[in-house]
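Engineer: Quick one: structure below, then a few questions.
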Amino acid sequence: MAENLEKIVFDTLQELGEETNNKALLNADKDTSIYGPGRNMDSLTLVRFISEVEEAVYDNMNVEVVIANEKAISMKHSPFRTVATFTDYLKQLIEDSQ
Amino acid sequence: MKQVMIITGTRKGLGAALANHYLDKGHIVAGCSRSEGSIEHENYSHYQLDVADEKAVAQMVRSVARKYGRVDVLINNAGIASMNHFMITPASNVSNVFNTNYIGSFLFMREVSKVMVRKKYGRIINFTTVAKALNLEGETNYAASKAAVESLTKVSAKELGEFGITVNAVGPNPIPTDLINSVSKDKIQNIIDQQAIKREGTVEDVIHVLDFFMDKNSSFISGQIMYLGGINS
Ligand SMILES: NC(=O)c1ccc[n+]([C@@H]2O[C@H](COP(=O)([O-])OP(=O)(O)OC[C@H]3O[C@@H](n4cnc5c(N)ncnc54)[C@H](OP(=O)(O)O)[C@@H]3O)[C@@H](O)[C@H]2O)c1
């Protein structure tokens, strides 16, 4: 599952990177900042990112997740800091929902 | 052009009339209600759900988006009213009214917006009421829940503007449906007396406002609340 999720996250970053002409997203690796310090997305792109990942998770794994839930918003360390923290968080969400 | 529309609360009342109207015009309509649906039409699909059920709403919107590839219009019509003196209103009643009227509208907007942003196009129309504008006594929770819907309309209009999505609300005056069945004649007359144009409303009056908000050319109209009958807030 972890590999599958990583692919979903990187593919989505790639797509948004192309669309917004954003080099950081196009060349993203695990440590790339999403919405943490030195963020590579504005709030609108983050909203798009979240909804595209939700859709891709559903398409590929047939699991419904709501990424921006109460927990994510109130977490001390935002899960949206880097690609790695986001992927870990997503994995946890999917495990919890199964 | 054929529009893909989601209309909530289509089993009866205004929702059913609106769905039938837009189906007659050749549009595709997906509707919902807590009880079984009442509309049979080749371009209609019904989802039995409570609009406050987060998972069910997400599933419905996804299923519609998958089937048609887009959602052009969302009409958040499902709503319940409650008339009672606020001193004798139980908290459970407050939750019920807010769950359907506010949370239901919120959830549909959130899920549908995710689909609309992909096409950079969308028209969202919420339902408020003149009971909010007139601060009608005996309708604290109903009016307050619709005040919340109005704020949702105005704030989300700002957050969605960049995506080509407009958000507006229509506020009907009394229209004979089950919703106002239990309201006394005197009370209805009292509302009508406060209108600039003194008559009950009709489904056609509502449709006229919806058509205006839905129009492709209404791309510069967002965050607006339009009451019927010449009521102002
Ligand atoms: N009629 C008026 O005078 C008037 C005036 C101002 C504003 N409005 C607004 O217009 C809208 C429609 O009202 P109406 O007069 O058509 O009311 P209505 O005749 O009572 O119909 C309400 C519809 O919404 C559905 N519904 C209610 N709660 C729901 C829930 N939690 N989840 C899913 N569906 C739900 C009902 O079906 P189920 O029972 O099967 O769920 C029904 O189809 C409402 O938002 C109302 O506030 C009406």
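The values are calculated or read from the model by the stated rules, or taken from the named source; none is laboratory data. None of these values were measured; they are calculated from a predicted model. Cβ sites come from the backbone with ideal geometry, for glycine too, and all protein chains shown count toward neighbours.
Engineer: Could you give every pair whose Cβ atoms fall below 8 Å, whose first residue belongs to the stretch B:51-67 and is farther than 19 Å from B:Ile28 by Cβ, and whose second residue is away from the ligand (no atom under 12 Å from the Cβ), counting only separations of at least 6 or pairs across chains?
Structural biologist: B:Glu54/A:Val66; B:Lys55/A:Glu64; B:Ala58/A:Glu64; B:Ala58/A:Val66; B:Ala58/B:Glu111
Engineer: Considering every residue within the stretch A:21-40, establish whether at least one is more than 12 Å from the chain's Cα centre (by Cα), within 14 Å of chain B (Cβ to nearest Cβ) and not in a loop (DSSP other than H, G, I, E, B).
Structural biologist: no
Engineer: Same structure again: As an exercise: evaluate B:Lys67 against (1) more than 28 Å from B:Pro172 (Cα to Cα); (2) within 13 Å of chain A (Cβ to nearest Cβ) and give the number of the one condition it does not meet.
Structural biologist: Only one criterion is unmet by B:Lys67, namely (2).
Engineer: If the Cβ limit is 9 Å and pairs must be 6+ apart or interchain, which residue in the stretch A:64-89 that is in a loop (DSSP other than H, G, I, E, B) pairs with which residue that is modelled with pLDDT under 85 and among the hydroxyl-bearing types (Ser, Thr, Tyr)?
Structural biologist: What qualifies is A:Glu64/A:Ser97; A:Val65/A:Ser97.
Engineer: Are there any pairs with C-beta distances below 7 angstrom linking a residue in the stretch A:1-23 that is within 17 Å of A:Arg48 (Cα to Cα) to a residue that is of a type outside the set (S, T, N, Q) and not in a helix (DSSP H, G or I), with the two at least 6 apart or on different chains, and if so which?
Structural biologist: Taking only residues 6 or more apart or on different chains, the pairs are A:Phe10/A:Ala28; A:Leu13/A:Ala28.
Engineer: Let me ask something additional. Considering each of B:Ile125, B:Ile221 in turn, give the residue that is touching a strand residue (DSSP E or B) at 6+ places or on another chain (Cβ under 9 Å), away from chain A (no Cβ under 14 Å) and farther than 21 Å from B:Asn101 by Cα.
Structural biologist: Numbers: B:Ile125 fails: farther than 21 Å from B:Asn101 by Cα.
Of B:Ile125, B:Ile221, the one residue that is touching a strand residue (DSSP E or B) at 6+ places or on another chain (Cβ under 9 Å), away from chain A (no Cβ under 14 Å) and farther than 21 Å from B:Asn101 by Cα is B:Ile221.
Engineer: Could you tell me whether B:Leu136 is near the ligand (Cβ under 10 Å from one of its atoms), touching a residue at least 40 places away in the same chain (Cβ under 8 Å) and at negative phi?
Structural biologist: The answer is no for B:Leu136.
Engineer: Inside the stretch B:104-150, can you point out the residues that are among the aromatic types (Phe, Trp, Tyr), assigned to a helix (DSSP H, G or I) and closer than 16 Å to B:Leu228 by Cβ?
Structural biologist: First pass over the stretch B:104-150, keeping only residues among the aromatic types (Phe, Trp, Tyr): B:106, B:108, B:121, B:127, B:142.
Keeping just the survivors that are assigned to a helix (DSSP H, G or I) gives B:106, B:108, B:142.
Listed by number, the list is empty, since nothing qualifies.
Engineer: Does B:Gly201 count as within 12 Å of the ligand (Cβ to nearest atom) and farther than 29 Å from B:Ser92 by Cβ?
Structural biologist: Values: within 12 Å of the ligand (Cβ to nearest atom): yes; farther than 29 Å from B:Ser92 by Cβ: yes.
When the stated conditions are applied, B:Gly201 passes them.
Engineer: Just the residues that are touching an Asp or Glu at 6+ places or on another chain (Cβ under 7 Å) and farther than 13 Å from B:Tyr142 by Cβ, please, taken from the stretch B:74-113.
Structural biologist: Hit for the stretch B:74-113 is B:Leu107, nothing else.
Engineer: Quick one: count up the residues across the stretch B:1-27 that are away from the ligand (no atom under 15 Å from the Cβ), surrounded by fewer than 23 Cβ atoms within 10 Å (Cβ to Cβ) and not in a helix (DSSP H, G or I).
Structural biologist: Total satisfying the criteria: 7.
Engineer: Using beta carbons and a limit of 8 Å, which pairs, at least six apart or on different chains, have the first residue in the stretch B:1-27 and within 22 Å of B:Gly69 (Cα to Cα) and the second one outside any helix (DSSP H, G or I) and among the basic types (Lys, Arg)?
Structural biologist: Going by the 8 Å Cβ cut-off, the qualifying pairs are B:Val4/B:Arg70; B:Gly26/B:Lys2; B:His27/B:Lys2.
Engineer: Can I ask one more? Scan the stretch B:35-52 and give yes if some residue there is of a type outside the set (S, T, N, Q) and either within 14 Å of chain A (Cβ to nearest Cβ) or in contact with an Asp or Glu (Cβ under 7 Å, 6 or more places away or on another chain) (or both), otherwise no.
Structural biologist: To start, the set of residues in the stretch B:35-52 that are of a type outside the set (S, T, N, Q) comprises B:36-37, B:39-42, B:44, B:46-47, B:49-52.
Filter again for either within 14 Å of chain A (Cβ to nearest Cβ) or in contact with an Asp or Glu (Cβ under 7 Å, 6 or more places away or on another chain) (or both), leaving B:49.
There is at least one residue in the stretch B:35-52 that is of a type outside the set (S, T, N, Q) and either within 14 Å of chain A (Cβ to nearest Cβ) or in contact with an Asp or Glu (Cβ under 7 Å, 6 or more places away or on another chain) (or both).
Engineer: Can you name the condition, by its number, that B:Thr153 falls short on among (1) of a type in the set (S, T, N, Q); (2) without any contact (Cβ under 8 Å) to a residue 60 or more places away in the chain; (3) assigned to a helix (DSSP H, G or I); (4) crowded, with 17+ Cβ neighbours inside 10 Å?
Structural biologist: (2)
Engineer: If you check B:Ala81 against the conditions, is it in a loop (DSSP other than H, G, I, E, B) and either among the aromatic types (Phe, Trp, Tyr) or touching a residue at least 24 places away in the same chain (Cβ under 8 Å) (or both)?
Structural biologist: Numbers: in a loop (DSSP other than H, G, I, E, B): yes; either among the aromatic types (Phe, Trp, Tyr) or touching a residue at least 24 places away in the same chain (Cβ under 8 Å) (or both): yes.
Considered against the rule, which asks whether it is in a loop (DSSP other than H, G, I, E, B) and either among the aromatic types (Phe, Trp, Tyr) or touching a residue at least 24 places away in the same chain (Cβ under 8 Å) (or both), B:Ala81 comes out as yes.
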